[in-house]
1. Run down Met180, Met184, Met257, Met213 and say which single residue is under 30 Å from Leu117 (Cβ atoms), surrounded by 19 or more Cβ atoms within 10 Å (Cβ to Cβ), in contact with a strand residue (DSSP E or B) (Cβ under 9 Å, 6 or more places away or on another chain) and in the same structural domain as Asp144 (by TED's automatic domain parsing).
2. Among the residues of region 79-87, are any of a type in the set (Asp, Glu), touching a Gly at 6+ places or on another chain (Cβ under 9 Å), more than 25 Å from Cys275 (Cα to Cα) and not assigned by TED's automatic domain parsing to the domain that holds Tyr347?
3. Can you say whether Thr42 is in contact with a helix residue (DSSP H, G or I) (Cβ under 8 Å, 6 or more places away or on another chain) and among the hydroxyl-bearing types (Ser, Thr, Tyr), as far as the supplied structure shows?
4. State all residues of region 49-107 that are of a type in the set (Gly, Ala, Ser) and more than 29 Å from Leu32 (Cα to Cα); if no residue qualifies, say none.
5. Anything in region 49-63 that is touching a strand residue (DSSP E or B) at 6+ places or on another chain (Cβ under 8 Å) and either closer than 22 Å to Ile361 by Cβ or of a type in the set (A, V, I, L, M, F, W, C) (or both)? List them, or say none.
6. Tell me, which residue of region 114-135 that is closer than 22 Å to Ala191 by Cβ, without any contact (Cβ under 8 Å) to a residue 60 or more places away in the chain and charged (D, E, K, R) is surrounded by the fewest Cβ atoms within 10 Å (Cβ to Cβ)?
7. Is it true that Lys140 is surrounded by fewer than 16 Cβ atoms within 10 Å (Cβ to Cβ), basic (Lys, Arg), at pLDDT 95 or above and assigned by TED's automatic domain parsing to the domain that holds Ser242?
8. Of all residues being assigned to a helix (DSSP H, G or I) and acidic (Asp, Glu) in region 323-364, which is surrounded by the fewest Cβ atoms within 10 Å (Cβ to Cβ)? Just the residue, please.
Amino acid sequence: MKWTRQEYVDLMTFGDIDRPMLVELFGPLIGLEEEWKAQGATEDEINLSAFDFDYVPTIGCGGFTGVRGGFAPQIIEDNAQYTISRDALGRTMKLVKGYATLPLPLDFPVTDMDSWLKIKHMYQFDESRINWDQVERAKKYQRDEGGLVIAAIEGGFDTPRELMGEVNACIAYYEDPELMHDIMDTLTDTAMKVYERISDKIVIDQLSVHEDMAGKSGPLIGPNLVTEFIKPYYRKVWDMLSSKGTKIFCQDSDGNMNPVLDAFIDCGLNVTYPCEPAGGMDIVEIRKKYGERLGVKGGIDKHVLRGTKQKIRNELEYKLQPFMHKGTVFGLDHRIPNGTPLENYKYYVNTAREILGREPITKKTPHKRMAF
């Protein structure tokens, strides 16, 4: 079912809502579609349109804050097992076919301040970072179609990790803080100049940021480093946008983010996802602890779909409690895993709909996957 931007904003800011929201955030892992086809899945089941998930139409605001003016990407080697390429940062990237959807870097461009200064221009502001035609399209889409207008900033941890690798980035916070502050200052300056201009012309509904800074054992940096290095960046951009009407600040980070949630809320964050149970994230406990300070998306354990139907029902009855309906986009905590029987997935969807007071799936209905 289609939601308007205002309905979605009301949901995520704990306002009045007519119904809870059920979505598929990420879709299947590589290989699952073939498994489902072998089990007799229809094309509508494969593309998930058969499941009548909720969605809100979205559109980018017209600003870009990422790498610009870098190296021309090129394919170095391509065979049946993997593809080796060079990306805009000049990194050598390897994509293992049949297992991964994203390539992994084999080397990194930044080792110290001098190497950062050589590519710093790729992150600095220029007027070409704003597509004013897209700004006008977003304004019209927001007005005429109820579309959610989204702005994105580069991750405060994700960017140093992409530039120098996880290990070296974590070390640099302690051994080269000047470098890390300069990276953050550059991201801040660019984001401010892009979105100050755009937000004078249109109300941005949501600020989004991608971090992916945690594993099962916890985040790769602690709250002290979040506060020292990332908070000034997040806070400056968020304070400016929220003063102009932006309501949602949403962070995407896998793994166990519990140790740094307080620090990120202090940075202005008010929505987090995908809240992976395997990483120690429990959306019910998060809601009990933070109340209306933090909305959540995802949070339903994808791994139970490979278990019994009773385990699926138990998970849903726990996560879909009535006090969770506001401030939550219910969905799996990441991609639908291989080995998930189609019958179990159908049971999951219909049981969730039953608990949320909806009719079971009985006909083909339009669907758009959430993409924000």
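1. Values: Met180 fails: in contact with a strand residue (DSSP E or B) (Cβ under 9 Å, 6 or more places away or on another chain); Met184 fails: in contact with a strand residue (DSSP E or B) (Cβ under 9 Å, 6 or more places away or on another chain); Met257 fails: under 30 Å from Leu117 (Cβ atoms).
One residue alone meets the criteria, Met213.
2. Narrowing region 79-87 to residues of a type in the set (Asp, Glu): 87.
If we keep only those that are touching a Gly at 6+ places or on another chain (Cβ under 9 Å) too, we end up with 87.
From the residues that got through so far, the ones that are more than 25 Å from Cys275 (Cα to Cα) too are 87.
Restricting the remaining residues to those that are not assigned by TED's automatic domain parsing to the domain that holds Tyr347 gives 87.
For region 79-87, residues of a type in the set (Asp, Glu), touching a Gly at 6+ places or on another chain (Cβ under 9 Å), more than 25 Å from Cys275 (Cα to Cα) and not assigned by TED's automatic domain parsing to the domain that holds Tyr347: present.
3. On the way: in contact with a helix residue (DSSP H, G or I) (Cβ under 8 Å, 6 or more places away or on another chain): yes; among the hydroxyl-bearing types (Ser, Thr, Tyr): yes.
Criteria met by Thr42.
4. To start, the set of residues in region 49-107 that are of a type in the set (Gly, Ala, Ser) comprises 49-50, 60, 62-63, 66, 69-70, 72, 80, 85, 88, 90, 98, 100.
Those that are of a type in the set (Gly, Ala, Ser) and more than 29 Å from Leu32 (Cα to Cα): Gly60, Gly62, Gly63, Gly66, Gly69, Gly70, Ala72, Ala88, Gly90.
5. The first filter runs over region 49-63 and keeps only residues touching a strand residue (DSSP E or B) at 6+ places or on another chain (Cβ under 8 Å), leaving 53-63.
Phe53, Asp54, Tyr55, Val56, Pro57, Ile59, Cys61 - these are the residues of region 49-63 that are touching a strand residue (DSSP E or B) at 6+ places or on another chain (Cβ under 8 Å) and either closer than 22 Å to Ile361 by Cβ or of a type in the set (A, V, I, L, M, F, W, C) (or both).
6. Within region 114-135, the subset closer than 22 Å to Ala191 by Cβ is 116-135.
If we keep only those that are without any contact (Cβ under 8 Å) to a residue 60 or more places away in the chain as well, we get 117-119, 121-122, 126-127.
After this cut, where a residue has to be charged (D, E, K, R) as well, the list is 118, 126-127.
Working: Lys118: 12, Asp126: 12, Glu127: 9.
This residue is Glu127.
7. On the way: surrounded by fewer than 16 Cβ atoms within 10 Å (Cβ to Cβ): yes; basic (Lys, Arg): yes; at pLDDT 95 or above: yes; assigned by TED's automatic domain parsing to the domain that holds Ser242: yes.
Yes, satisfied.
8. Step one: list which residues in region 323-364 are assigned to a helix (DSSP H, G or I), which gives 323-324, 342-355.
Next cut, acidic (Asp, Glu) only: 343, 354.
Numbers: Glu343: 11, Glu354: 14.
The selected residue is Glu343.
The values are calculated or read from the model by the stated rules, or taken from the named source; none is laboratory data. Note that the structure is predicted; figures quoted are calculated from it, not measured. No Cβ is skipped: glycine too gets one built from the backbone with ideal geometry, and neighbour counts run over all protein chains shown.
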